Amino acid sequence: MALIVQKFGGTSVGSIERIEQVADKVKKHREAGDDLVIVLSAMSGETNRLIELAKQVSDQLVPRELDVIVSTGEQVTIALLAMALIKRGVPAVSYTGNQVRILTDSAHNKARILQIDDQKIRADLQAGKVVVVAGFQGVDEHGNITTLGRGGSDTTGVALAAALRADECQIYTDVDGVYTTDPRVVPLARRLEKITFEEMLEMASLGSKVLQIRSVEFAGKYNVPLRVLHSFKEGPGTLITIDEEESMEQPIISGIAFNRDEAKLTIRGVPDTPGVAFKILGPISAANIEVDMIVQNVSHDNTTDFTFTVHHNEYEKALSVLESTAREMGAREVIGDTKIAKVSIVGVGMRSHAGVASRMFEALAKESINIQMISTSEIKVSVVIEEKYLELAVRALHTAFELDAPARQSE
Ligand code: ADP
Ligand code: ASP
Ligand code: MG
C-alpha cells in the first residue's frame, strides 16, 4: 500500500461537477488501497476575484489582510470535496493550513514553509480517512494566516509529500503533462515522458507556470518523486526525475519557456568610470528591487549605456530610482520599455553541444526578430525581444530545435 499526495488545480475543482468528478477519481484510488492526502486549489478564477474585491476597498493592499481574504478560496473547495467523498461512503476530513499546522515564515503573500506537523494527518490516515488539505496557505508562529505566492498549492502538495515521505506527489491539472513549451501557444508542443529537476526548475523560473518554482525546488531538495498528470484523462503524465538518463536519446534542448513579466530600463550617456554598475544598481537593490538581465555597452566618448530588466510590478519604482541616479551621475537620459518579452531555451543537452546559442540566434534572425539582450547559463539561453514577436519566436525556435510533434494523421 502506497501513500500518495494528489494535488488538483483550479480548473480541476472549478465547478461542482468537477469536484464530483474529482471525488469519483479519489474514491477509485482509495478503493485500490492507497492512502491518500489530497491538496486543493481554489476554484479557477476565485483567487483573482478575491484580489479584485480587496482592490475595490483599497489600492494599497495590506499584505496580512490580503492573505486573510485570498486563503478563503481553498477553504471552500476542501470542504466541498470532503463532503462529496463522505456522500460516496469514503471517510474524509478537510483541514486548513492552520489546522494541519503548516508553519511558514511571516512573509505575507510569499511565505515559505518552515515545518509541517504531520501527526494529525497520520492519525487520520491510520483511521482510514482521506485527508483533504487546503493548498496555498499556512500559518506563521504568531498565528497569522499566510499564503505561499500564486500557484502555491503545488508547493503545499510537494511539501506535504516530503513531510509524510509519500511514495509520490501527483500534480493533476488541465494538461496531461509537462510539454516542450506551453501547448496553448504552440499547438505542436509535445508532452515529455521525463524531465530533470534541474531543467524543470529552469523552465519554471523562466516562465512555465505549469509548476510553481518552489514546488520544484522542494521536490529536488527532498527527493520527492513528482509527476504532472491530467485530472480527467488517463495517461502516464510527465515524471520529474533526478538523473539524466544516459540511455535516453538526449535532445539538445528539452523545452522553451517565455514570460511577459519583465520591463527594461536603460540609462544612457553615463560617465564610464570604475564602479559605474554599482552606482546604478546599488540604489535599485537598496530599494529591494530584483534585477534579472543586465547589459553594459562598450563605451565611446568615455560614456556608456547600461540596460537591465526588472519585474513589471516594480517598473515604476525602478524608473524613479534610476531617474534620480541619472541626475546625480549627469547621465544623458533614462528610457523605459514595458513591451518586452523573454524567451529561453532550456536543456541539459546543451552541456555537450556547441553552437546552441548561435542556432537560436539564426532561427530568430530568419524571422527578422531583433534580439535586445542575451543571457546564458550552463543549461539555458535567454533573449529579450519585442513583445509582439513573442509567439512567432517561440514557434520558430520550437521548429528549429526539432521539437514539433509529428503532424497528426487525419482521423
Ligand atoms: P492549475 O490550476 O492546475 O495549477 P496552471 O494553470 O497553474 O494549472 O498550470 C497549467 C497550465 O500551464 C497549462 O494549462 C498550460 O497552458 C500552462 N503551461 C505553461 N507552460 C507549460 C508547459 N511547458 N507544459 C505544460 N503546460 C504549460
Ligand atoms: N489559488 C491560488 C492561486 O490561484 C493557489 C493555486 O491555485 O495554486 O494562485
Ligand atoms: Mg498552477
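Using alpha carbons only, how many angstrom separate the centre of segment 172-248 from the centre of segment 1-69?
20 Å
Keeping all protein chains in place, calculate the accessible area per residue for segment 39-167 (probe 1.4 angstrom), answer in Å².
45 Å²
With the chain treated as a Gaussian network of Cα nodes joined by springs under 10 Å, which of I379, I294, I335 yields the largest mean-square fluctuation?
I335
Return the long-range amide H neighbours of Q115 (sequence gap of 5 or more, or a different chain), with a cut-off of under 5 Å between placed amide H atoms.
Amide H neighbours of Q115, under 5 Å, 5+ apart: L103.
Which links in K28/K233; K27/K194; K209/K264; K129/K209 stretch past 26 Å when you go from one Cα to the other? Provide the component values of the computation, followed by the final result.
Values: K28/K233 14 Å; K27/K194 28 Å; K209/K264 22 Å; K129/K209 32 Å.
Flagged as over cut-off: K27/K194; K129/K209.
Cut-off 10 angstrom, C-alpha nodes, Gaussian network model of the chain. Which of Q60, Q170, Q21 fluctuates the most?
Per the Cα network of the chain with a 10 Å cutoff, Q60 tops the list.
Spelling out what I want: for every residue of segment 22-27, take phi, set θ = phi - 60°, compute 6.51 cos²θ - 1.76 cosθ + 1.60 (Karplus), and round to whole Hz; glycine and proline get x.
4, 4, 4, 5, 5, 4
Rounded to the nearest 0.05, what FRET efficiency is calculated for Q99 and D174 with R0 set to 22 Å and r the Cβ-Cβ distance?
FRET efficiency, Q99 to D174: 0.20.
Mind listing the phi-derived Karplus ³J(HN,Hα) values for segment 178-184, rounded to whole Hz, using 6.51, -1.76 and 1.60 with θ = phi - 60°, and x for any glycine or proline?
8, 9, 4, 7, 4, x, 6
Can you work out the FRET efficiency for the pair I51 and S375, with r the C-beta to C-beta distance and R0 = 30 Å, to the nearest 0.05?
For R0 = 30 Å, the calculated efficiency reads 0.45.
How many angstrom lie between the C-alpha centres of segment 88-108 and segment 293-343?
The distance from the Cα centre of segment 88-108 to that of segment 293-343 comes to 44 Å.
Residue separation times 0.36 nm, minus the C-alpha to C-alpha distance between A287 and Q119: what's the value?
56.3 nm
How much net charge surrounds L103 when only other residues with a Cβ under 15 Å from its Cβ are counted (Lys, Arg +1; Asp, Glu -1)? Let's see the in-between values first.
Details: positive: R101, R112, K120; negative: D67, D105, D117, D118, D140, E141.
Surrounding charge for L103 is -3.
Could you pull the Cα extents of the chain along its three principal axes, largest to smallest, in whole Å?
Result for the chain: principal-axis Cα extents of 79, 54, 35 Å.
Taking R0 as 35 Å, what FRET efficiency do you get between I86 and E234 from their Cβ-Cβ distance, rounded to the nearest 0.05?
0.85
Under a 1.4 Å probe, what is the accessible area of segment 212-294 per residue, stated in Å²?
50 Å²
If you roll a 1.4 Å probe over the chain with all protein chains in place, what percent of the accessible area is carbon or sulfur?
49 percent
Could you work out the helix-only [θ] at 222 nm for the chain, with each DSSP H run of four or more residues adding -39,500 (n - 2.57) and the total divided by the number of residues, to the nearest 500 deg cm²/dmol?
Computed mean residue ellipticity for the chain: -10500 deg cm²/dmol.
The values are calculated or read from the model by the stated rules, or taken from the named source; none is laboratory data. All values derive from a computational prediction rather than experimental measurement. Cβ: placed from backbone, ideal geometry, glycine included. Neighbour counts: every protein chain shown. Side chains are part of the model used for accessible areas, which takes the heavy atoms of the whole protein and leaves out ligands, DNA and RNA. Shrake-Rupley method; radii C 1.70, N 1.55, O 1.52, S 1.80 Å.
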